[in-house]
1. Given the residues VAL158, VAL135, VAL166, which is the only one that is of a type in the set (A, V, I, L, M), modelled with pLDDT under 80 and surrounded by 13 or more Cβ atoms within 10 Å (Cβ to Cβ)?
2. Filter region 107-135 for residues that are within 18 Å of VAL176 (Cα to Cα) and among the polar types (S, T, N, Q); which is farthest from the chain's Cα centre (by Cα)?
3. From the list ASN98, ASN105, exactly one residue is in a helix (DSSP H, G or I), modelled with pLDDT of 80 or more and farther than 30 Å from THR26 by Cβ. Which is it?
4. Inspect region 65-80 for any residue being at pLDDT below 70, part of a helix (DSSP H, G or I) and out of contact with any Phe, Trp or Tyr (no Cβ under 7 Å at 6 or more places or on another chain) and give the result as yes or no.
Amino acid sequence: MSLNFPITTPPWEVLALVAHYLDPKTLAIASCVCKSWFISMSSDHLWKPICNTHFPNLHFTDLGEQVHHVPYHRLYGIGHTAAKRRVQTPCKPKLSLNNLIFSINIRTKSSNIVTIAKPGEELIFDPNGVFKFDVDNVNYECSSMVAVLEDVKITWNVVLSGWKGVFTMMDCEGKVSFSPGAEGWFSEELPSPGCCSGAVASGVVADLKLGFCSRRESGVGKVKVDKVSVGILSIVNWRYVSVDDGLRYLQHFLVPCDD
């Protein structure tokens with residue numbers, strides 16, 4: 001780039017003309033040279049078109065008016081920081097499944113269906129890499145092949161190894177039809193963590209399903225609960241969150257925040 005100015009051109013005018021050819025980073029650096037350069041390099045006349053070019057989806061004019069005219073170089077900085085945060089990969093969770101125990105209790109008014117205390121590493125992983133796990137061979141049986149509708153109470157806790165912490169994922173009641181091929185599905189809204197949790201901040205539910213099958217023993221038909229599935233489901237897109245996102249969510253309740 002070659003710019004020619006008359007010798008008589010005042011230096012501040014030269015500075016203002018050159019500034020139009022500078023990129024945002026160079027403008028920001030130049031504004032730190034001295035007070036006069038800061039005034040020249042931070043003018044709305046320079047930064048408004050830069051904001052509109054780099055962040056066309058943000059209405060900077062409206063933003064500036066709403067907050068009593070924040071300078072456009074400040075608005076550019078806000079937009080630039082927000083854009084960087086959106087593309088940042090969340091930090092790996094502090095927790096792993098090896099740190100957790102899944103404690104599940106399912107019971108009716110008259111009997112206990114199942115009590116499970118399963119270490120995280122022994123759970124059957126979903127092949128899609130989502131926070132959904134199966135517990136097989138539950139072995140609860142109902143002696144009748146006829147559908148029986150019963151009230152059940154579900155409690156699901158996640159325990160940090162060594163009983164250093166516990167978080168209740170689900171504590172609810174509902175009805176289950178004990179019949180071959182049926183599924184008992186329960187869900188409960190989970191609380192939003194008190195601080196940023198990356199991809200999982202709100203709009204998630206604890207999800208639990210009971211799977212039933214039938215078998216005959218000594219000529220008697222029986223209904224068997226052979227599987228319990230648990231997971232964290234996003235109600236935004238009705239998909240299970242990833243394992244890492246589920247662990248990030250849980251660590252807010254099980255691992256003390258750093259000071």
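The values are calculated or read from the model by the stated rules, or taken from the named source; none is laboratory data. For clarity, every value in this text was computed on a predicted model and none was experimentally measured. In this analysis, Cβ positions are derived from the backbone assuming ideal geometry, glycine residues included, and neighbour counts consider all displayed protein chains.
1. Result: VAL135 is the single residue among VAL158, VAL135, VAL166 that is of a type in the set (A, V, I, L, M), modelled with pLDDT under 80 and surrounded by 13 or more Cβ atoms within 10 Å (Cβ to Cβ).
2. Ranking the qualifying residues of region 107-135, first place goes to SER110.
3. When all the criteria are applied, what remains is ASN98.
4. Of all residues in region 65-80, those at pLDDT below 70 come to 65-69.
After this cut, where a residue has to be part of a helix (DSSP H, G or I) as well, the list is 65-66.
Now narrow it down to the ones that are out of contact with any Phe, Trp or Tyr (no Cβ under 7 Å at 6 or more places or on another chain): 65-66.
Yes: one or more hits.
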